[in-house]
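The values are calculated or read from the model by the stated rules, or taken from the named source; none is laboratory data. Keep in mind the model is a prediction, meaning the values are calculated, not measured. No Cβ is skipped: glycine too gets one built from the backbone with ideal geometry, and neighbour counts run over all protein chains shown.
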Amino acid sequence: MQNNHHEQLREKYGISGLTSSQWEIDVILTKLEQHERLTEQDIHFVQKSKVLLSEPFWMRYHEIEAAYYENQYQQDHDPVTLIQAAMHWQEKGNDKKAFQLSEQIDINRLSDKNLKKTLFTIRCIKYDIPLTKSYGPMLSPILQKLDQRTRLTAKDYAWLHEKNLLSFNIWKTYHEIEATWYEMQFRQQKKKNYWNVVNASSHWRGADEPEKALELTARLPLEEIKENKLKSALLTTRGGAFRDINNLKKAEKCAEQAMEFNPDTYQPYTLRGAICYDLKNFVDGDYWFDEAIKRGATPKDVDAELLRIMKRIANKEEPEALINHLLAKDPDRYAWVKRFRKNSSAKKSKKRSVSPAKNKARKAKTKK
């Protein structure tokens, strides 16, 4: 009966072809099965015995070690203990757990250079920073701030941008921190400053969490807010969040209301143009983008929005219609769209038509 049990353990942990040391191996496997830590002698034996170098064996070993060091940290609160736990979780392949633990560690409390290097490596992996380059002394403090949910300075952000290190995970964490800060400021104020809501909503959208932006802007007391510019900004950011979740009808309604409150600011017009492009009403979209430029938007702003739209469409479907439309408008200015073409055989662009929205605006002026 006991022999069957040991055979099952050997099979579970990928141990085969034993010719000697069977008893020692069975003892070690029994310890692993019972979630008991291996001794230094056990590890020494394992390192000498190639037969034990199996993935299931090492996964269980790292799981037991990680759990041990986590429990130990609850008693000694030593960051060295926590970094050991993070190291073992990462070795087990549980990066998420390793990242969560690394957030609790202040690198300045680690005196051992190797442990500092280990923590820095874990954070680089977490934030998609290539480990093949040297970044100088700036990066580690920035990653620590991100892990501890501390706001970055303008200098920090500029440095990340300059070094091309604004990865998705850094970008998302940065916006989450900013959104949380502005939302907290708003909630703690006796006299509410709704510009904090505008900023928080914008950052929640930047963090790819439009639902939180919509929740924050769900009950806006527009009748109590005197400043039309602020009303317009609140409705524009709310409309943008609706667009993020593809509720274009509500997004368009917010944009229209924003324009009514402040017809001289360009942001709601840019939103309206983007919505039209989402609906593949490219000509109408051009009309609203032109109106945005008349009110202060730059062609660069519009092109940046078009690039975002192109990326969104290209991820879901064939963007040929949009590519042809932009190339017909200006083949030099929009030459960059060609790289999104999935079919190398370019179709001829159709002749540009007049925007129905523009016609409607012209008729309204004629009636006046």
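Observations on the model:
- Filter pass, A67 being more than 15 Å from T118 (Cβ to Cβ) and of a type in the set (A, V, I, L, M): yes
- Set side by side, the residues W171, W195 differ, and just one is of a type in the set (A, V, I, L, M, F, W, C), within 26 Å of Q144 (Cβ to Cβ), free of Cβ contacts under 8 Å to residues at least 40 places away in the same chain and out of contact with any Gly (no Cβ under 6 Å at 6 or more places or on another chain), which is W171.
- Within the stretch 113-129, the set of residues being assigned to a helix (DSSP H, G or I) and either touching a strand residue (DSSP E or B) at 6+ places or on another chain (Cβ under 7 Å) or of a type in the set (A, V, I, L, M, F, W, C) (or both) comprises L115, L119, F120, I122, C124, I125.
- Screening Y61, Y68 for residues that are surrounded by 19 or more Cβ atoms within 10 Å (Cβ to Cβ), more than 30 Å from the chain's Cα centre (by Cα) and within 30 Å of G14 (Cβ to Cβ) leaves exactly one candidate, Y61.
- Given (1) surrounded by fewer than 22 Cβ atoms within 10 Å (Cβ to Cβ); (2) touching a helix residue (DSSP H, G or I) at 6+ places or on another chain (Cβ under 9 Å), index of the condition M87 fails: (1)
- Residues of the stretch 74-83 that are under 23 Å from K117 (Cβ atoms) and part of a helix (DSSP H, G or I): D76, P79, V80, T81, L82, I83.
- Any pair with Cβ under 8 angstrom, 6 or more apart, that starts in the stretch 201-214 at a residue that is free of Cβ contacts under 8 Å to residues at least 40 places away in the same chain and on the phi < 0 side of the Ramachandran plot and ends at one that is β-branched (V, I, T) and crowded, with 21+ Cβ neighbours inside 10 Å: S202/T237; R205/T237; A213/T237
- Looking only at the stretch 319-364, and only at residues there that are modelled with pLDDT of 90 or more, surrounded by 12 or more Cβ atoms within 10 Å (Cβ to Cβ) and aliphatic (A, V, I, L, M), the one that is nearest to E291 (Cα to Cα): L326
- Helices (runs of 4 or more DSSP H) wholly inside the stretch 215-324 containing at least 2 residues that are among the acidic types (D, E): 248-261, 282-294, 299-314
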